[in-house]
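The values are calculated or read from the model by the stated rules, or taken from the named source; none is laboratory data. All values derive from a computational prediction rather than experimental measurement. Reconstructed Cβ throughout: ideal geometry from the backbone, glycine too, with neighbour counts over all protein chains shown.
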Amino acid sequence: MTNPWAEWDHVLKVDPDKELYGDETFEDVAVTGTDAIEIGGTLGMTEEKMQRVIDACADQDVALYQEPSNPAVVVDSPALDGYLIPTVFNAADPFWIVGAHAEWVRIEDGLDWDRTTTEAYIVLNPEASVAEYTDADCDLTADDVTAYARIAEKMFGQEIVYLEYSGTFGDPETVAAAADALDSATLFYGGGVHDYETANEMGSHADVVVVGDLLHEEGCDAVRETVEGARDANAE
Ligand SMILES: CC(C)=CCC/C(C)=C/CC/C(C)=C/CC/C(C)=C/COP(=O)(O)OP(=O)(O)O
Ligand SMILES: O=P(O)(O)OC[C@@H](O)CO
Ligand SMILES: [Mg+2]
């Protein structure tokens with residue numbers, strides 16, 4: 001069986017700490033055409049805020065994943081298709097590579113391994129909360145990023161490699177180089193995608209384009225354009 005994300009072009013990341021745009025609802029969010037909704041953010045996460053978004057999306061016909069930023073906000077819910085758990089390969093503190101994970105496994109009985117997958121993050125925007133939170137070393141060349149991507153797949157067996165430029169549009173050449181370095185892992189790209197063109201450009205290198213802030217700042221029509229851009233890139 002192939003992993004569902006192997007078929008995805010676009011993921012919409014909903015931040016439970018942010019409001020939807022205008023009077024939009026999660027019903028509107030679910031019909032943007034995105035392949036999956038990933039619920040997560042770095043700052044201001046609580047189990048209650050996570051639960052609220054999961055409940056609002058539970059009856060929608062779209063794949064639903066939680067992306068917890070720490071073990072305390074994980075929600076055990078049958079509405080979720082699974083858990084995408086970050087591990088930050090360029091974090092300075094090993095807590096964000098394996099420590100939080102060990103803590104989670106220690107406190108949680110009956111973890112649902114079949115629905116749990118890690119995402120090998122390479123955090124590349126030093127200004128993003130996630131970079132500060134994990135003390136990531138973002139001073140990386142394209143060759144460094146490529147090396148991390150390669151070891152994530154070949155040495156650590158990661159199924160998802162995630163180039164995270166959260167809040168800013170990244171370097172397409174770096175994304176292209178990382179894509180070339182991977183054989184079987186699915187490459188996620190996230191950061192600053194805000195229209196058809198930016199989604200199309202990153203989608204032509206990465207397998208999956210992740211869109212976050214745009215949903216909260218410009219709404220579902222803008223997101224729909226990014227879905228088209230990512231889809232057309234993968235159809236080409
Ligand atoms: C082991 C468990 C269950 C959790 C630990 C998981 C880890 C290692 C998390 C560290 C990386 C992290 C915080 C990922 C969250 C997803 C993410 C990068 C969201 C985007 O964040 P930003 O855009 O920087 O933050 P804001 O939008 O909140 O400012
Ligand atoms: O919010 P943006 O910049 O779209 O980034 C998307 C995502 O990669 C954040 O984790
Ligand atoms: Mg953000």
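Residues that are among the small types (Gly, Ala, Ser), over 21 Å from residue 85 (Cβ atoms) and surrounded by 17 or more Cβ atoms within 10 Å (Cβ to Cβ) within segment 18-40 comprise 30, 33, listed in sequence order. Here residue 188 clears all of (1) part of a helix (DSSP H, G or I); (2) under 16 Å from the mean Cα position of the chain (by Cα); (3) within 16 Å of ligand 1 (Cβ to nearest atom) except the condition numbered (1).
Taking segment 162-185 as the search range and keeping residues that are among the hydroxyl-bearing types (Ser, Thr, Tyr) and under 15 Å from the mean Cα position of the chain (by Cα), which one is surrounded by the fewest Cβ atoms within 10 Å (Cβ to Cβ)? By that ranking, first place goes to 168.
Looking across segment 48-69 at every residue that is modelled with pLDDT of 95 or more and of a type in the set (Asp, Glu), the one that is nearest to residue 117 (Cα to Cα) is identified as 67. Residues in segment 157-185 that are away from ligand 1 (no atom under 16 Å from the Cβ) and among the polar types (S, T, N, Q) were compared, and the one that is farthest from residue 224 (Cα to Cα) is 184. A single member of 58, 79, 30 is in contact with a helix residue (DSSP H, G or I) (Cβ under 6 Å, 6 or more places away or on another chain) and away from ligand 1 (no atom under 16 Å from the Cβ), and it is 79. Scanning segment 96-131 for residues that are surrounded by fewer than 15 Cβ atoms within 10 Å (Cβ to Cβ) and in a helix (DSSP H, G or I) gives 99, 102, 103, 105, 106, 107, 113, 114, 115.
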